[in-house]
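As structure tokens, the structure follows; a few thoughts come after it.
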Amino acid sequence: MVLEPMNVHSSSGVLFNSETMSDGTLERNRAEKALIITNKTPAHCQFFKNSGVKNYSDKNGNEVIKSDNKNRRTFAFWALVVLIFIFGLGNLALTCTMLFVIRLGKGMESIEFLPEHNAVKFFGDTDFEHLYKKDGLIESFKDTPLTISSENGSVLLNLQTKPSRYENKLTVNTSGVFVRGVSAMELTDPDSGDVVFSTAATEMNVPDGVGNVHAKQVIVKRIAAPTDEDLILRSEASAYLRGAEGTHMESKELFWSADQDIYLKSINGSIVLSGKDGVFIDVRYLPIASSVNRTDKYNQGTGQFKICVCMPQGKLFRIAVPTGQKVSCAHINMTGDLNPCM
């Protein structure tokens, strides 16, 4: 069966065929679609806009739209920036503190490295707790004196004899300078290079400007002073002059004084006191011994005394000698605390 195209009459009396109708209908549909799009209300636009937004839910089940999540990301970003800034300020403060502690300034003003001399140069005052020197040489520049000090403590110079073993050789404190376990010690003049003091020298001359020499013990062969100056040996407690083969003292005038006693002792020889004009002893401080009978006339002396010597102690004492009387050193009271030889 064959279908033929039909002719359609409109109400206006115009005849349309099928081909003409299909084309007109397509054009009308396009025009109506465009009209529908252009006549959309703002409510429809908002609906279509929100329809593309994906919603999220928090832990409580509340819906959170994408814009809130974006705000959170922005806050986290700026919080990270502020945290990095705080860390930068802390690092700057730490760096400034380190520069202040080790006293490094512009151009390293407090310290200088000298690679060609294998040395380090310090400026100003430098505080060290322990200082190690392999060659044992500590020196300063020629025109700058070297000062080593310690606050409320001692300065110790130790020598490393073995690994992890140190021996104290030089100690400087308020009591003096102590040198131990060395074969020799020398003090030299930095300007001339002359040896001022040496323990290995056979003769030591006190340099000009040195008025006193303080020592706890001195072992020498001879102690002498210039002919026009006095030699004074003084001790706050006790002074001992001892010689392995004897002690010989020679002077124009030899003066001994002590708060308590002066002892002259010879082990296997004799004691000789000899003077051109004689030997004088100040007897004002010698103890006075009491006679056997305190009530007799021997105790009523008139200022005359007799010098006696205790044997074998060698201690001197005196007894009163009345005028016109003969007194012996044996007529004294030797009992208890009255014994002058004790």
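Since every read-out is calculated from the coordinates, none of them should be taken as a lab result. It should be emphasised that the depicted structure is a prediction, and the values quoted were computed from it without experimental measurement. All Cβ positions, even for glycine, are placed from backbone atoms using ideal geometry, and neighbour counts span all protein chains on display.
With the simple spin-label model, which puts each label point 7 Å out from Cα in the Cβ direction, the T335 to L264 separation comes to 3.4 nm. I'd like the distance separating the alpha-carbon centroids of segment 130-155 and segment 208-265, in whole Å. With segment 130-155 and segment 208-265 each reduced to a Cα centre, they are spaced 35 Å. Between N173 and F305, what FRET efficiency comes out of the Förster formula 1/(1 + (r/R0)^6) with R0 = 35 Å and r the beta carbon distance, rounded to 0.05? Efficiency for this residue pair is about 0.10. In this simple spin-label model, placing a label point 7 Å from the Cα along the Cα-to-Cβ direction at both L156 and N71 gives a separation of 7.0 nm.
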